[in-house]
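Enquirer: Sharing a structure, written as structure tokens. Questions coming.
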Amino acid sequence: MRSIRSGLPAMLLAATFICLSVAPTAFSSDRTAPVIADHTTASLALLAPDAIDNAKETLHIAYGHTSHGSQLVTGMTGLVGFAGDRYAFRSGGGDGYLDLRDRPFSGANDLGNPDRTSWAPATRTYLDANSDINVIIWSWCGQASSASEADITTYLNLMNGLETDYPAVIFVYMTGHLDGSGAEGNLNLRNEQIRAFCRDNNKVLFDFADIESYDPDGVPYMEKLANDACDYDSDGNGSRDSNWAIAWQSAHPGEWYNCSAAHSQPLNANLKAYASWHLWTALAEELYPTAVDSETKVPIEFSVSEGYPNPFNGSTAVDVIHFTATPLRLLVYSLSGQLVATLSGGDRFTGTRTYLWDGRDDGGRAVSSGTYLFRCVAGESVIVRKVMYIK
């Protein structure tokens with residue numbers, strides 16, 4: 001399954017790309033694998049600047065939502081202050097902004113309000129009047145929790161019909177937010193129905209529920225009766241008594257940003273913003289794929305081993321095999337996208353080198369326990385490896 005979940009495999013061919021004018025393609029019928037934004041994409045560290053720029057230059061997004069869905073927008077708004085103007089957006093785009101039109105539809109508020117079908121004709125009316133739109137995304141509020149299997153089938157059929165009638169537009173499916181009913185609850189069953197349809201039919205999915213089911217270190221909470229506020233049952237007695245987002249925020253000062261998060265905590269909206277940008281960059285690449293001249297392919301620049309040991313509490317190592325003498329950078333990031341340590345600022349070598357990281361930042365300070373990303377860059381190639389540090 002293709003997704004935007006991880007870094008590039010170590011032994012892919014790197015290519016020298018030629019800038020050509022490329023027409024957008026049709027999508028749902030041609031896509032060979034689903035595109036899924038979930039908790040594993042909720043990090044800025046995997047985003048390349050040119051991919052972000054491509055999204056800002058090519059995407060025209062219309063987003064329908066009510067309060068829960070606003071977490072994407074408020075998270076993206078706060079991200080600009082946290083990570084810079086590269087992540088700026090506004091209705092209409094242009095001048096370095098992503099074109100994101102917030103709640104532009106008339107006749108429907110979200111996927112279940114005022115009913116379970118009005119959003120579809122509202123989408124058609126909007127697309128007929130705005131031919132530049134190439135991405136449509138709608139969110140649920142609480143209606144996925146009470147939906148029947150037939151209700152979700154109606155949703156999926158309406159989405160599929162839109163894709164058929166508007167083949168130049170990417171339609172983003174979405175799961176409903178957590179409600180505390182756990183793995184056996186109706187919400188999870190309906191979300192699994194949506195996920196299975198997207199996987200089986202190569203759709204695009206923003207997995208809202210999955211993103212808020214894990215903290216940034218990958219610790220799961222949905223099965224512990226987690227709800228949309230990030231409350232969960234810490235001791236298995238059936239009562240929610242802790243909040244994973246508040247606990248993580250307290251333990252990681254400076255690694256998250258304060259923002260409005262309807263019904264929830266700022267960290268939840270942070271993660272939704274990170275996953276959103278991963279989705280935008282993936283969709284931009286699908287809309288305007290980079291043209292490659294088959295005669296310009298060259299051998300890979302380098303390969304990077306997995307970290308060993310992993311997890312670690314002393315030091316961990318990665319082996320880099322470099323096939324050319326292009327400058328090689330090896331950087332350590334937190335899952336929130338903050339640069340932690342520079343292991344190589346531009347080494348030039350051919351052959352194999354082993355790089356060690358001892359769990360300290362560039363100032364010599366020990367980092368917090370958690371998951372970190374090694375991002376290795378040389379020429380056109382980028383490889384990311386994930387390691388877990390345990391004090």
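Derivation of every value follows stated rules applied to the coordinates shown; laboratory data play no part. Keep in mind the model is a prediction, meaning the values are calculated, not measured. Here Cβ is always computed from backbone atoms with ideal geometry, including for glycine, and neighbour counts include all displayed protein chains.
Enquirer: Counting each pair of different Cα atoms once, what's the Kirkwood radius of segment 302-389 in Å, rounded to one decimal? Write out the running numbers ahead of the final one.
Expert: Numbers: mean 1/r = 0.0772 Å⁻¹.
Taking the inverse mean of 1/r over all distinct Cα pairs, segment 302-389 comes out at 13.0 Å.
Enquirer: By how many nm would the segment from GLU223 to ARG348 grow when fully extended, if each residue of separation counts as 0.36 nm and the alpha-carbon distance is taken off?
Expert: On the way: separation 125, 0.36 × 125 = 45.00 nm, distance 4.77 nm.
Roughly 40.2 nm would be gained on extension.
Enquirer: Using modelled amide H (1.01 Å from N, peptide plane; none on Pro or chain starts), what sits under 5 Å from the amide H of GLY185, excluding residues fewer than 5 places away?
Expert: Residues meeting the amide H criterion: none.
Enquirer: Further question: Could you give the Stokes-Einstein D for the chain in µm² per second, using the C-alpha Kirkwood radius, 10 °C, 1.306 mPa s? Spell out each step's value before the answer.
Expert: Working: Rh = 22.0 Å.
Taking Rh from Cα pairs, D becomes 72 µm²/s.
Enquirer: Next question. What's the center-to-center distance, using Cα atoms, between segment 343-380 and segment 149-196 in Å?
Expert: Computed from Cα coordinates, the inter-centre distance equals 40 Å.
Enquirer: Name the residue farthest towards the positive end of the dipole of the chain from the options TRP280, HIS322, GLY176, assuming +1 on Cβ of Lys and Arg, -1 on Cβ of Asp and Glu, about the Cα centre.
Expert: HIS322
Enquirer: Taking neighbour counts of Cβ atoms within 10 Å as a proxy for exposure, in what order, fewest first, do ARG101, ARG360, ARG116 appear? Before the final figure, lay out each step's value.
Expert: Numbers: ARG101 20, ARG360 14, ARG116 17.
The fewest-first ordering by Cβ neighbours comes to ARG360, ARG116, ARG101.
Enquirer: Under 26 Å between alpha carbons, and skipping anything fewer than 8 positions from LYS203 in its own chain: which lysines qualify?
Expert: LYS56, LYS272
Enquirer: In segment 136-217, which trypsin sites (Lys or Arg not before Pro) are in a loop and have at most 11 other Cβ atoms within 10 Å, using DSSP for the loop call?
Expert: On the way: sites: ARG190, ARG195, ARG199, LYS203; in loops: LYS203.
Filter output for segment 136-217: empty list.
Enquirer: Of all DSSP beta bridges in segment 302-389, what percent run antiparallel (nearest 5)? Present the calculation step by step, with values, prior to reporting the outcome.
Expert: Working: 33 of 34 bridges.
About 95 percent, rounded to the nearest 5.
Enquirer: Sticking with this structure for a sec: For segment 239-391, what log10 I(q)/I(0) values come out of the Debye formula at q = 0.09, 0.11, 0.12, 0.14 1/Å, with one point per alpha carbon and no solvent?
Expert: Here log10 of I(q) over I(0) equals -0.39, -0.57, -0.67, -0.86.
Enquirer: Which of ASP235, ASP347, ASP50 comes first, and how do the rest follow, when ranked by fewest Cβ neighbours within 10 Å? All intermediate terms of the calculation are to be shown ahead of the outcome.
Expert: Numbers: ASP235 9, ASP347 17, ASP50 12.
If I rank by nearby Cβ atoms, fewest first, I get ASP235, ASP50, ASP347.
Enquirer: Enumerate the aspartates and glutamates that LYS391 could reach by cross-link, defined here as Cα to Cα under 16 Å, with residues fewer than 8 away along the same chain left out.
Expert: Here the aspartates and glutamates satisfying the reach criterion relative to LYS391 are ASP217, ASP358, ASP361.
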